[in-house]
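All remarks here apply to the structure that follows.
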Amino acid sequence: MPTPANDAPLEVDCPQCSKRVPWGPESAYRPFCSKRCQLLDLGAWAEESHRISGESAMDEADIETLLAQADKDAPLS
């Protein structure tokens, strides 16, 4: 495995507070700087403040409409 050009350990920004965090076993909460930042981030996901972009899930009415359309389109046997 190649070694980095400089022997400085890899550091990342804490996603919550942007403090620099060494990426290694000494950083128990990586990529977070602390348990507090880790829990704040988890809470934001639980409240749905953080979201992964994409299409919204279909609700029951949309599914019923698709099923009705599929029944109309289905060939008779």
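Each value in this text was obtained by applying a stated rule to the coordinates, not by laboratory testing. All figures in this text were calculated on a predicted structure; none of them were measured in a lab. Cβ coordinates were reconstructed from backbone atoms using ideal geometry, including for glycine residues, and neighbour counts include every protein chain displayed.
Among D41, D62, D13, determine the one that fluctuates most according to a GNM of the chain built with springs between C-alpha atoms less than 10 Å apart. It is D62. Between L40 and S53, full extension at 0.36 nm per residue minus the direct alpha carbon distance yields a gain of 2.6 nm. Seen from every direction in turn and averaged, the convex hull around the alpha carbons of the chain projects onto 11.3 nm².
Against the chain, whose longest principal axis comes from its Cα atoms, helix 60-73 is set at around 50 degrees.
Just to confirm the filter: which GluC sites (Glu not before Pro) across the range 22-63 are DSSP coil and have at most 14 other Cβ within 10 angstrom of their Cβ? Spell out each step's value before the answer.
Working: sites: E26, E47, E48, E55, E60; in loops: E26, E47, E48, E55.
Listed in order of number, the matching sites are E26, E47, E48, E55.
Simple point charges give the picture: +1 on the Cβ of Lys and Arg, -1 on the Cβ of Asp and Glu, and for the chain a dipole about the Cα centre of about 680 debye. With the simple model of a label 7 Å out from the Cα in the direction of the Cβ, D62 to C17 spans 3.9 nm.
Rounded to the nearest 10 degrees, the angle from helix 35-46 to the longest Cα principal axis of the chain is 10 degrees.
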